[in-house]
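**Q** Take this structure first; my questions come after.
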Amino acid sequence: QLQLVESGGGLVQPGGSLRLSCEASRFTLNYYTIHWFRQAPGKEREGVSCISRDDGTTTYADSVKGRFTISRDSAEGRVYLQMDSLRPEDTAVYYCAAANSAYCSIPVYRYDYWGQGTQVTVSS
């Protein structure tokens, strides 16, 4: 069983930055494709960014492209989401999810492991 934990959320002003982290309590994430999702109140969950297991390919939603960066710290087995130039519409609970897959081009149901989420609030 893989239990994921997100951290790094908080309250930030528009234009500010946050770095979210995703890690497993006892295991490295190096063997998993990791996808960040977010969900705002009253809205459906949406994919934000993904980093693949095998080749490190990254994907981004159009709404965050150029502002967010996903990365791995292989030594620590963690995945990060650096969020810059934050906007109020980025406000949501952010979740990381892990899939036993080599690549990001997989349906959502392939993500078997999810964290509990971390709140990101962008407000002036």
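The values are calculated or read from the model by the stated rules, or taken from the named source; none is laboratory data. Just so we're clear, the structure is a prediction, and the values are computed from it rather than from any experiment. Please note: Cβ atoms are built from the backbone with ideal geometry, for glycine as well, and neighbour counts cover all protein chains shown. The protein model used for the area step is the full one, side chains on, heavy atoms only, and it has no ligands, DNA or RNA in it. Shrake-Rupley method; radii C 1.70, N 1.55, O 1.52, S 1.80 Å.
**Q** Quote to one decimal, in nm, the extra length available between Ser7 and Thr59 on full extension: 0.36 nm per residue of separation minus the C-alpha distance between them.
**A** 16.6 nm
**Q** If Lys and Arg each add +1 and Asp and Glu each add -1, what is the summed charge of the other residues whose beta carbon sits under 13 Å from the beta carbon of Tyr80?
**A** -2
**Q** Which loop-located GluC sites (Glu not before Pro) does region 1-108 contain, where loop means any DSSP state but H, G, I, E or B and the Cβ has at most 10 other Cβ atoms within 10 Å?
**A** Loop-located and lightly packed - Glu44.
**Q** Quick check of the Kirkwood formula: for region 17-76, what is the inverse mean of 1/r over all pairs of different Cα atoms, in Å?
**A** 12.8 Å
**Q** Name the residue farthest towards the positive end of the dipole of region 69-124 from the options Tyr103, Ser74, Ser85, assuming +1 on Cβ of Lys and Arg, -1 on Cβ of Asp and Glu, about the Cα centre.
**A** Of the listed residues, the answer is Tyr103.
**Q** Counting other Cβ atoms within 10 Å, keep those with at most 11, restrict to DSSP loop, and tell me which trypsin sites (Lys or Arg not before Pro) in region 1-107 are left.
**A** Arg26, Lys43, Lys65
**Q** Taking every Cα atom in region 9-124, find the radius of gyration and the maximum pairwise distance Dmax, and write them in Å.
**A** In Å, with Rg to one decimal and Dmax whole: 13.4, 40.
**Q** Work through the residues other than Gly10 whose Cβ is under 14 Å from its Cβ and net out their charges, Lys, Arg +1 and Asp, Glu -1.
**A** Values: positive: Arg19; negative: Glu6, Asp90.
Summing Lys and Arg as +1 and Asp and Glu as -1 gives -1.
**Q** Explain nothing, just the number: dipole magnitude of the chain about its Cα centre with +1 on each Lys and Arg Cβ and -1 on each Asp and Glu Cβ, in debye rounded to the nearest 20.
**A** 60 debye
**Q** If I compute solvent accessible area with a 1.4 Å probe over the protein chains, what percent of it on region 1-118 is carbon and sulfur?
**A** Here carbon and sulfur together make up 44 percent of the probe-accessible area.
**Q** Still on this structure, I have one more. Report the chymotrypsin sites (Phe, Trp or Tyr not before Pro) located in region 77-108 that are in a DSSP loop and have at most 14 other Cβ atoms inside 10 Å of their Cβ, or state none.
**A** The qualifying sites are Tyr103.
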